[in-house]
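Every number here is computed from the coordinates shown, using simple stated rules; none is lab data. Please read all numbers here as calculations on a predicted model, not as lab measurements. Methodologically, a virtual Cβ is constructed for each residue, glycine included, from the backbone with ideal geometry; neighbour enumeration extends over all protein chains shown.
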Amino acid sequence: MSTATATVLAATWSKARTILNSLVKDEGTKVTDVAKALGKSHSTISLYINGKYPSNDKFEELVEGYLKSLGKWVEDQEEENVPESGYIVDISELGTIITDDYQRVRGVCRKSQERKEFGIVVGDPGAGKTRALEDYAKENQGVVMITCDETSSIKSVLTEITEGLHLEARGASATLLNKIVKELKRRPRLLIVDEADKVKLKVLETLRGIYDKAKNIGVVLCGNQPLAEKIILLAEDRPELARLRDRLGYYITTNGLTEPEAAKFLERVNLTASARKMMIDVAVNRGIRQLVKSLDRLLEVTAGERITDSMVTDVGRIYLGFNA
């Protein structure tokens, strides 16, 4: 191989491959000794130093460790841009992901509260809708937020709202409804109902009734795509849904994380380039919830040390049930 050819090839090699190649070719280290130290075959090391072995992060780290043990590895400070505040070691250090969706969800809450409108927020699971709603409720006065599930009935929803208004939650559904309407007329609030896609139509009708009777409140329903299907797509054939649809003042569908948003979120996480790309793909394709969950597991294992692509793959398969 000519010197010019070797130079061109080396330009595309990893730092570890380039140094090991020089160690063998220029300094006379035996391939057999390298193979024994790394626990690999002679042919594997020979192919690797000649640029013919398809490497990965795990193999590169193995070679890097070997070179460090010989004092042949010099850290290149230009190789990575370490954030000024350093890398995080725990998921709690990340805080809230301020995305376009996050701001839009809060915008619907704000406008619905200010203008006494009926708003709807829909989007895929794990898109960060609930976090945006919770933050809005915590940071603003006059907000009552409840969360529904498949078992939520008219009575249970009215009970939650009554408790959120700090009223005595005793009595039949009609009694609770009267208490709620009376209190909301006295002191208007914004009522946020999360996971509203999971309730039956009669519950949605009850919420519409509270809005109509109180007259001076805002309401935001939030849920997955079936919520929009219930209220908007089926309204032509269902009068009770048409009544709810006709009261809508604001309606948005979340778009999910963008690559720049995911990259911004991950900038303080110590990832190899390939692992960073994989995590961005997880964020864009699987949503904030899966991103945070997988990152939590990775930080638990590494405590801020470098996260490799093989680690991301392992976490995806073992904990999250997807191929990262």
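So what is log10(I(q)/I(0)) for the stretch 118-177 at q = 0.22 1/Å, when the Debye sum runs over its Cα atoms only?
Reported log10 I(q)/I(0), two decimals: -1.02.
Please compute the net charge surrounding residue 110, taking Lys and Arg as +1 and Asp and Glu as -1 over other residues with Cβ under 11 Å from its Cβ.
Result for the neighbourhood of residue 110: +1.
Taking 4 °C and 1.567 mPa s as the conditions, I'd like the Stokes-Einstein D for the stretch 102-253 in µm²/s, using the Kirkwood hydrodynamic radius from alpha carbon pairs.
Calculated translational D: 85 µm²/s.
Test of understanding: ordering 311, 279 by Cβ neighbours within 10 Å, fewest first, what list do you get?
Ranking 311, 279 by Cβ neighbours within 10 Å, fewest first, gives 311, 279.
Around residue 147, with a cut-off of 10 angstrom between Cβ atoms, what is the net charge of the other residues, counting Lys and Arg +1 and Asp and Glu -1?
-4
Determine ³J(HN,Hα), in whole Hz, for all residues of the stretch 53-60 in sequence, where each value follows from phi through the Karplus function 6.51 cos²θ - 1.76 cosθ + 1.60 and θ = phi - 60°; x replaces Gly and Pro.
Each residue's phi maps through the Karplus curve to give 9, x, 7, 8, 4, 5, 5, 4 Hz.
Between residue 143 and residues 5 or more places away or on another chain, which pairs have amide H atoms under 5 Å apart, with H built 1.01 Å from N, and which residues are they?
190
Can you find, among 282, 224, 161, the residue sitting farthest towards the positive end of the charge dipole of the chain, where Lys and Arg contribute +1 and Asp and Glu -1 at Cβ?
Projecting each Cα onto the dipole axis, the largest value belongs to 161.
Helix-only mean residue ellipticity at 222 nm, the chain, DSSP H runs n ≥ 4 weighted -39,500 (n - 2.57), per residue, nearest 500. What is it? Let's see the in-between values first.
On the way: 16 runs with 170 residues, N = 324.
Counting only the DSSP helices, I get -15500 deg cm²/dmol.
Can you quote the Å³ per residue value for the convex hull of the Cα atoms in the chain, rounded to an integer? Each step should come with its number before you reach the end.
Working: hull volume 57.6 nm³, N = 324.
Here the figure is 178 Å³ per residue.
Sequence-distant or interchain residues sharing an amide H contact under 5 Å with residue 271, placed H: which?
The answer is 307.
Can you give the percent of C-alpha pairs in the stretch 184-253 whose distance is more than 13 Å?
Summing the P(r) tail past 13 Å for the stretch 184-253 gives 64 percent.
For helix 173-186, report the angle its Cα long axis makes with the longest principal axis of the Cα atoms of the chain; keep it between 0 and 90° and round to the nearest 10°.
In the chain, helix 173-186 runs at an angle near 90 degrees to the longest axis.
Return the long-range amide H neighbours of residue 167 (sequence gap of 5 or more, or a different chain), with a cut-off of under 5 Å between placed amide H atoms.
Distant-sequence amide H within range of residue 167: zero hits.
Whole-Hz ³J(HN,Hα) for each residue in the stretch 277-287, computed from phi via Karplus 6.51 cos²θ - 1.76 cosθ + 1.60 with θ = phi - 60°, x for glycine and proline: what do you get?
Once rounded to whole Hz, the list reads 4, 5, 5, 5, 4, 4, 4, 5, 8, 10, x.
In sequence order, what are the phi-derived ³J(HN,Hα) couplings for the stretch 149-161 according to the Karplus relation 6.51 cos²θ - 1.76 cosθ + 1.60 with θ = phi - 60°, rounded to whole Hz, with x for glycine and proline?
Whole-Hz 3J(HN,Hα) from phi for the stretch 149-161: 8, 5, 8, 5, 10, 4, 5, 5, 5, 5, 5, 4, 5.
So, how do all the Cα-to-Cα distances of the stretch 258-320 break down into 10 Å bins, in percent, from 0 on up?
Cα pair-distance distribution for the stretch 258-320, in percent: 24, 64, 12.
Just name one of 210, 294, 73: the one whose Cα is farthest towards the positive end of the charge dipole of the chain (beta-carbon charges, Lys/Arg +1, Asp/Glu -1).
Positive-end residue among those listed: 210.
Where does the charge balance sit around residue 302 when Lys and Arg score +1, Asp and Glu -1, over other residues with C-beta under 15 Å from its C-beta?
-4
About the Cα centre of the chain, how large is the charge dipole given +1 on each Lys and Arg Cβ and -1 on each Asp and Glu Cβ? Please answer in debye to the nearest 20.
Dipole magnitude for the chain comes out near 1360 debye.
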